[in-house]
Amino acid sequence: MADQPECPRCEYTQVEHLADSPVPGTWRVWCCRRCFYAWRSTEPLVNTTADYYPAPFRLTEQTLSDAKNVPPLPPS
Ligand SMILES: [Zn+2]
């Protein structure tokens, strides 16, 4: 199984290993600790590798810090 990857969307190097395939060694699920993008190791390169990730959807530390907060939930 491949070593820990970097995040395809923001290129952060701290990603969390979330799960492995029921059949050992088939795939692995990772999640970025900065932007929370999650991907399975067997997805196409466009979803798993920063060099192929679509430019309009890439994030940087700056775009993440400038992002608006999620609106709060209304009172119940
Ligand atoms: Zn990320």
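Looking at region 1-18, which of its residues are more than 9 Å from the ligand (Cβ to nearest atom) and within 8 Å of the chain's Cα centre (by Cα)?
If the condition is that a residue be more than 9 Å from the ligand (Cβ to nearest atom) and within 8 Å of the chain's Cα centre (by Cα), then no residue fits.
More than 16 Å from the ligand (Cβ to nearest atom) and either surrounded by fewer than 14 Cβ atoms within 10 Å (Cβ to Cβ) or of a type in the set (F, W, Y) (or both): is that true of P56 in this structure?
For P56, the condition - more than 16 Å from the ligand (Cβ to nearest atom) and either surrounded by fewer than 14 Cβ atoms within 10 Å (Cβ to Cβ) or of a type in the set (F, W, Y) (or both) - is not met.
Does V23 satisfy the criteria of being of a type in the set (V, I, T) and part of a loop (DSSP other than H, G, I, E, B)?
yes
Among the numbered conditions (1) open to solvent by 70 Å² or more (accessible area, probe 1.4 Å); (2) in contact (Cβ under 8 Å) with a residue 24 or more places away in the chain, tell me where T42 comes up short.
(2)
One residue is enough: does region 19-31 have a residue meeting the conditions touching a residue at least 24 places away in the same chain (Cβ under 8 Å), out of contact with any Leu (no Cβ under 7 Å at 6 or more places or on another chain) and away from the ligand (no atom under 13 Å from the Cβ)?
Yes, region 19-31 contains at least one residue that is touching a residue at least 24 places away in the same chain (Cβ under 8 Å), out of contact with any Leu (no Cβ under 7 Å at 6 or more places or on another chain) and away from the ligand (no atom under 13 Å from the Cβ).
Of the conditions (1) open to solvent by 90 Å² or more (accessible area, probe 1.4 Å); (2) at pLDDT below 95, A2 satisfies every one except a single condition; which number is it?
Of everything listed in (1) open to solvent by 90 Å² or more (accessible area, probe 1.4 Å); (2) at pLDDT below 95, A2 misses just condition (1).
Just checking, how many residues over region 5-39 are touching a Phe, Trp or Tyr at 6+ places or on another chain (Cβ under 8 Å) and open to solvent by 50 Å² or more (accessible area, probe 1.4 Å)?
9
Out of all the residues in region 32-47, which are part of a strand (DSSP E or B) and more than 7 Å from the ligand (Cβ to nearest atom)? Spell out how you get there, then give the answer.
Residues of region 32-47 part of a strand (DSSP E or B): 32, 38-40.
Selection gives A38, W39, R40.
The values are calculated or read from the model by the stated rules, or taken from the named source; none is laboratory data. In this text, all values refer to a predicted model and were calculated from it rather than measured experimentally. Cβ: placed from backbone, ideal geometry, glycine included. Neighbour counts: every protein chain shown. In case anyone asks, the SASA skips ligands and DNA or RNA and just uses the protein heavy atoms, side chains included. Shrake-Rupley method; radii C 1.70, N 1.55, O 1.52, S 1.80 Å.
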